[in-house]
Amino acid sequence: MSSTLSYVFCLVQSTRRPALRRIAEGMPGGGAPRALEVGDELWAIVQSVPEAEYGETALARGLQNLDWVSPRAIAHERLIESFLSGDALLPMQLFTLFNSDDRVAEHVRSEGARLRRILKRIENKVEWGLRLTYANRTKIRSMVGRPREAAKAADQRPGARYLVRKRDLLDVNRTHLKTARTAADQVYRSISRLATDARRRTSLELATPASRLLLDAAFLVPAAKSRAFQSAVRQQARELRDAGVAVSLTGPWPPYNFIR
């Protein structure tokens, strides 16, 4: 068994060998990253890493330690993002390891037809992430400055006024939240038209009710249309402010959500 393993960061489609100058550092403890030709105009960005640190036993132990995993996850993503300008960038999962460079090339070639289909779909495209969060509770409180007149006239006790105000806050909040969710649905449909593909993580939205997450989505966008996409999101953000919705746009990223 060799003393080093071949760590694979990504596949890059390019007519010439990808330049490795000024790229981010690779995995801690590993050698210099390099471009390995694995097909016609297809390159694997790999790095030799010590088996003592990244072999099966060491990896199983390291995965139990967040302080060990975190810097490696960051290094993995940073290096992949160094090749974002390539014709097509196919990121690998964290800790994709092979016994040798030959095994890397063999695996890529054995999966050639499937990988080519993915590369064709993501060619010259990048991923953008969009989150909409309902967060404007201050505005709602200002809208319920006084208890309802009827209830106030019926009972002036502080406890009763508190309960009435609490009820009014809940009523207004439900109404605004419903409006905000409808607006988020409309934004997703509208922005999706500017992308070649879109993924909405509804399970995450439903799993975090306390954060009032309205939309968590990823969009696959032609790189040449990124400015138009950003402009459209900014326009939507201005319109959403009055509904108390915060907008967070991130990217461009490698197409992590579109390579399954």
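The values are calculated or read from the model by the stated rules, or taken from the named source; none is laboratory data. These numbers come from a predicted model, not from an experiment. Here the Cβ positions follow ideal geometry from the backbone for every residue, glycine too, while neighbour counts run over all protein chains shown.
Before moving on, here are some points about what is shown:
- Among the numbered conditions (1) of a type in the set (A, V, I, L, M, F, W, C); (2) crowded, with 18+ Cβ neighbours inside 10 Å; (3) within 16 Å of Tyr256 (Cα to Cα), the only one that Ile74 does not meet is (2).
- Some residue of segment 181-195 being at pLDDT below 95, part of a helix (DSSP H, G or I) and touching a helix residue (DSSP H, G or I) at 6+ places or on another chain (Cβ under 6 Å): yes
- Contacts under 6 angstrom Cβ, first residue in segment 77-97 being over 21 Å from Arg16 (Cα atoms), partner buried (at least 19 other Cβ atoms within 10 Å of the Cβ) and of a type in the set (A, V, I, L, M, F, W, C), 6 or more apart: Thr96/Val8; Leu97/Leu5
- Residues (crowded, with 18+ Cβ neighbours inside 10 Å, within 21 Å of Tyr256 (Cα to Cα) and without any contact (Cβ under 8 Å) to a residue 60 or more places away in the chain) located in segment 1-32: Gly26, Met27
This table checks each residue for (1) of a type in the set (A, V, I, L, M, F, W, C); (2) touching a helix residue (DSSP H, G or I) at 6+ places or on another chain (Cβ under 7 Å).
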site	(1), (2)
Glu53	no, no
Glu56	no, no
Gln64	no, no
Pro71	no, no
Ile74	yes, no
Met92	yes, no
Thr96	no, no
Ala113	yes, no
Val126	yes, yes
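- Candidate set from segment 24-45 (those that are among the aliphatic types (A, V, I, L, M) and out of contact with any helix residue (DSSP H, G or I) (no Cβ under 6 Å at 6 or more places or on another chain)); member that is nearest to Gln93 (Cα to Cα): Ile45
- Checked against the criterion of being at pLDDT 95 or above, within 26 Å of the chain's Cα centre (by Cα) and among the small types (Gly, Ala, Ser), segment 38-47 contains one or more residues that satisfy it.
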